[in-house]
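Participant: Got a structure for you, questions after.
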Amino acid sequence: MGFARTCSVALVGVEGVVVEVQADLEPGVAAFTLVGLPDKTLVESRDRVRAALVNSGAEWPQKKLTVGLSPASVPKSGSGFDLAVAVAVLGAAERVDPAVIADLLLIGELGLDGRVRPVRGILPAVLAAAEAGYRRVVVAQQSAAEAALVPEVSVLGVRSLRQLIAVLTDGEVPDEGPPDAFGRPDAMTAGLVVPGAGLGTGLASGGYGASGLPDLADVAGQHGARRALEVAAAGGHHLFLTGPPGAGKTMLAERLPGIMPPLTRRDSLEVTAVHSVAGILPPGEPLITTAPYCAPHHSATMQSLVGGGNGLPRPGAVSLAHRGVLFKKFSG
């Protein structure tokens, strides 16, 4: 009989809830049971974890295996629990020391070959882990820079389950190839990432001005409209632009983020967390430091504006424009 536990995070909107992943091995007919209110995506992790472990050189335990996700009252979804489930099984099978993984928090999807792939919502998940007192986090290598934005948390970015097993058992870390087509390229190898390293410069959408945002200085004339933009940016006011097509409403709105003050550290983390859950963080730029700009089409549905969806709710245009500019056109 073997027992081990480790932790992961379930996302509820843009908030994270720490989940304890428990694995129990008992004599009996070989079976794999997953309990704790998992959705279909998470139930399928049984097959992914089994294949990943076998293809990583670990022996699959031929016993009755039960994996529990606690608290059981919180719905769990997504493939980000794969890595935690695999490590908990290794601990129960005494392939790794259960005491080493007890205070470890793991987030990542496993490929059938044992590769660790990134998932959405890494930043809010690590923020929830830090608030719960966890200080060691393991994520996919491509997500390590995003996770390292959270202060006082040591982040280990791994490319494969083989690398993680080697780190946990003090073995020689194998050299894996670059991330596959499902991951963003990154030059980091397995190892601790210093918190705060690899920060980006924020959203770049236009290539104008020092901040990479469209520059209001490019606008000729429009003195009244420019004055209105400056007042709105300085005081955080709403702005109503009216005029015939071609008057320059969209051009002016696109340049409003460029004259807004840079986001504070707290605001940057809030905005980045929302974009992380939506899965639209720019590659190589884990931290958004400038006011975001979102301009949904005038025919956009209410769901696309406010967000929602089955399972894990996705942010809508209103949330994506948090701390920034939401430009909505009206027809008629």
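The values are calculated or read from the model by the stated rules, or taken from the named source; none is laboratory data. Because the structure is a prediction, the values reported are computed rather than measured. Note: ideal-geometry Cβ built from the backbone for every residue, glycine included; neighbour counts use all protein chains shown. Just the protein is used for accessible areas: all its heavy atoms, side chains included, with ligands, DNA and RNA removed. Shrake-Rupley method; radii C 1.70, N 1.55, O 1.52, S 1.80 Å.
Participant: When the accessible area of the chain is computed with all protein chains present and a 1.4 Å probe, what percentage of it is carbon and sulfur? Don't skip to the answer; put the middle values down first.
Facilitator: Values: 8810 of 15800 Å².
Taking all protein chains in place, the chain shows 56 percent carbon and sulfur surface.
Participant: How far apart, in nm, are two points set 7 Å out from the Cα along the Cα-to-Cβ line at H238 and at D218?
Facilitator: Between H238 and D218, the simple spin-label model gives 2.9 nm.
Participant: In terms of modelled amide H atoms, which long-range or inter-chain residues lie less than 5 Å from the amide H of G16?
Facilitator: A128
Participant: Using only Cα atoms and rounding to the nearest 10 degrees, what angle (0 to 90) does helix 82-92 make with the longest principal axis of the chain?
Facilitator: Between the helix axis and the principal axis of the chain, the angle is about 20 degrees.
Participant: Testing the spin-label approximation: label points 7 Å from Cα along Cα→Cβ at E59 and V318. State their distance in nm.
Facilitator: With each label placed 7 Å out from Cα toward Cβ, I get 5.7 nm.
Participant: Compute the signed sum of charges (Lys and Arg +1, Asp and Glu -1) over the other residues within less than 9 Å, Cβ to Cβ, of L213. Provide the component values of the computation, followed by the final result.
Facilitator: Details: positive: R255; negative: D215, E254.
Within the 9 Å Cβ shell, the charges total -1.
Participant: Which of the three applies to region 212-332, rounded, prolate or oblate, going by the alpha-carbon gyration tensor with a ≥ b ≥ c and a/c under 1.5 meaning rounded? Show your work: numbers first, answer last.
Facilitator: On the way: a/c = 2.25, a/b = 1.35, b/c = 1.67.
It is oblate, given that a/c is not under 1.5 and a/b is not larger than b/c.
Participant: Now, a different point. When the chain is treated as a GNM, springs tying every alpha-carbon pair under 10 Å, which of P61, P292, P257 comes out with the largest mean-square fluctuation?
Facilitator: Per the Cα network of the chain with a 10 Å cutoff, P61 tops the list.
Participant: Then there is this: Which value in nm describes the separation of the simple spin-label points at K329 and R227, placed 7 Å from the Cα toward the beta carbon?
Facilitator: With each label placed 7 Å out from Cα toward Cβ, I get 2.8 nm.
Participant: Full extension from L112 to A51: what is 0.36 nm times the residue separation minus their Cα-Cα distance, to one decimal in nm? Write down the numbers at each step before the final one.
Facilitator: Values: separation 61, 0.36 × 61 = 21.96 nm, distance 0.52 nm.
That pair, L112 and A51, stretches by 21.4 nm at full extension.
Participant: Would you list which aspartates and glutamates come within 17 Å of K249, measuring only between C-alpha atoms, while excluding same-chain residues fewer than 8 positions from it?
Facilitator: Straight-distance partners of K249: D215, D218, E230.
Participant: Any chance you could run the full-extension gain for S73 through V12? It's 0.36 nm times the residue separation minus the Cα-Cα distance, nm to one decimal. Intermediate results must be reported in sequence, preceding the final value.
Facilitator: Values: separation 61, 0.36 × 61 = 21.96 nm, distance 1.24 nm.
Between S73 and V12, full extension yields 20.7 nm more.
Participant: Ok, one more. How big is the antiparallel share of DSSP beta bridges in the chain, given as a percent to the nearest 5?
Facilitator: On the way: 25 of 41 bridges.
Looking only at bridges with both residues in the chain, the antiparallel portion is about 60 percent.
Participant: Something else about it: Could you report region 1-46's accessible area per residue, 1.4 Å probe, as an integer in Å²? Before the final figure, lay out each step's value.
Facilitator: Working: 2200 Å² over 46 residues.
That works out to 48 Å² per residue.
Participant: Still on this structure, please answer the following. Give the aspartates and glutamates whose C-alpha is closer than 12 Å to that of K64, dropping any in the same chain fewer than 8 places away, or say none.
Facilitator: D24, E26
Participant: Based on the Cβ-Cβ distance of A102 and A300, what FRET efficiency does E = 1/(1 + (r/R0)^6) give at R0 = 35 Å, to the nearest 0.05?
Facilitator: Working from the Cβ atoms, E equals 0.15.
Participant: Provide Rg and Dmax in Å for region 102-151, with only Cα atoms included in the calculation.
Facilitator: For region 102-151, the Cα-based Rg and Dmax read 10.8, 33 Å.
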